[in-house]
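Data block below; observations after.
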Amino acid sequence: MRTIRLPLLAWLLAGLALVGCQTRQARVMPGGAVAQSAQPVTTPPAAGAAPPVSVPSSTTRPTEAVTSRHSAPEALLPARTARPTGESDQPAEDLRPLRSLPAATMPARASPEPDPALRQLTEGGCCVQPFWAPDGRRVLFIDKPGPSSQVGLWGVDTSHPGAAPELYTARLGSYAGNMAFLVELTRDTTTIERVADGLRWTVPANGRSIAISPGQQLIAWQVTDSNVSFERRVAQIWVANLDGSNAHAVATVLGGGLSGWITDDLLLLSRRETTGASTRILYTHSLSGAPSAVLARSDRLSGGLLSPDGRWLIYAIALSKDTTQNGLWVVRTDGGARQKLGRSLYGSYQWRDRHRLLIVPFKLGATSHELWQFDVESGETRRLTDPAVTLFRIANADWSASPDGRAVVFVSSPDDNLWLLELGDE
């Protein structure tokens, strides 16, 4: 492995913040680029109890219930200036009666023929936290291939087998909106730059991270006091136009905060049920005043991930006092349907498209990982790879599904190189 990258990664990660608005789960890559995030699980759920879920450090903290494709972390700096008081947001206290999703009890279909193909993309132990460029062809990662090479985002064109990595951009930062915007943060200033033409403007987030709405018309951020313990911390949720105009507080939450955008009208928020309570609530907040929908309530919520169109959410409950709740759940973001996935699917997950999940189940002692697919609309479960045919091991749940769902890039545990798993149209 190229040891030169370790101090470089630490330095870059230390100075970068999460910026929202990606088609799938957004997370900060080394250098601040945003990409899809897999949700890893450390151990399988034992009978009657689920294991803790390990959430990447670039997502919102596990106690905040979820992260999302448009997530923004809690403010890193204390509240600074006088702020208008937003109205307290109080969602309904009970989960609405839900229509059950199709039961995932049908026999799992075998992997397709031929089995998905594996292809090595990099060598020399390169690199970590890969993600996909907006064109859906290039896999991007931060690198400095040699002493005379430039530090930057490098990429491999997956449409050309054997292609060598090339410099994609030397500019490192926090990208948002499918890399259409670059967000720069200083202690007191949040600046947005439109990558296409270099136009720059400041917004009144005052150095805080922002989340950009799916339609790229609005931004949201939260104002908190980091000197107060998280359980007692009150977060004000602010919204403004993309240019920073019409900034106003829309909600106040206790012990929670902004999880992201579902639509341009709908925010995903979390809060504690009451001061000192262990129960957390994940719910929607409409800017137009539509009723809130409680999507989840538990003492152990984590790992939330929105589907590309925002209609579905998958989340994990681990080590809950109510052991029947432990596991992976999918819920419609209008609150209309909810289902618990089978225990055998407990693992790392990403959305393949608007209704299909890709899951790498945790299997203790297995010689190879497996890739499974779950359709939230039909309830169909399907194994995509056969460990007797396709052997691979993903390091640290570090993998990313392509925007078209036809491939997965991952860091290989045996050699620390990037490999491509080609799924095709299955």
Straight distance only, please: which lysines reach the Cα of Lys321 with their own Cα at less than 20 Å, same-chain residues fewer than 8 apart left out?
-> Lys340
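How much FRET efficiency would the formula 1/(1 + (r/R0)^6) give for Phe230 and Asp115, where r is the Cβ-Cβ distance and R0 is 60 Å, rounded to 0.05?
Values: r = 45 Å, r/R0 = 0.76.
With a Förster radius of 60 Å, E is 0.85.
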Carbon and sulfur atoms account, in whole percent of the 1.4 Å probe accessible area of the range 237-278, for 53 percent
Compute the FRET efficiency between Thr324 and Trp201 as 1/(1 + (r/R0)^6), taking r as their Cβ-Cβ distance and R0 = 60 Å, and round to the nearest 0.05.
-> 0.75
Which whole-Hz ³J(HN,Hα) couplings does the range 300-306 yield from phi under the Karplus relation 6.51 cos²θ - 1.76 cosθ + 1.60, θ = phi - 60°, glycine and proline marked x?
-> 9, 8, 6, x, x, 8, 7
Mean-position separation - Cα centroids, the range 261-277 and the range 112-144, in angstrom | 35 Å
Cβ crowding within 10 Å averaged over residues, with 196-204, 406-414, 240-248 ranked highest first = 406-414, 240-248, 196-204
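Could you do me a favour and compute the accessible area per residue for the range 133-206, 1.4 Å probe, result in Å²? Could you put the intermediate results ahead of the total?
Numbers: 3520 Å² over 74 residues.
I get 48 Å² per residue for the range 133-206.
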Backbone HN-Hα couplings from phi across the range 372-385 [Karplus 6.51/-1.76/1.60, Hz, Gly and Pro as x] = 10, 10, 10, 9, 6, 8, 9, x, 6, 10, 9, 8, 9, 10
Ignoring ligands, DNA and RNA, what accessible area per residue does the range 286-426 give at 1.4 Å, in Å²?
-> 36 Å²
May I ask you to order 387-399, 254-266 by the average number of other C-beta atoms within 10 Å around their residues, highest value first?
-> 254-266, 387-399
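Could you calculate the FRET efficiency of Ser148 with Arg171 from 1/(1 + (r/R0)^6), where r is the beta carbon distance between them and R0 is 22 Å, rounded to 0.05?
Computed FRET efficiency for Ser148 and Arg171 comes out at 0.70.
The values are calculated or read from the model by the stated rules, or taken from the named source; none is laboratory data. Here the structure is a predicted model, which is why all the values come from computation and not from measurement. Cβ: placed from backbone, ideal geometry, glycine included. Neighbour counts: every protein chain shown. Heavy atoms of the whole protein, side chains included, go into the accessibility calculation; ligands, DNA and RNA do not. Shrake-Rupley method; radii C 1.70, N 1.55, O 1.52, S 1.80 Å.
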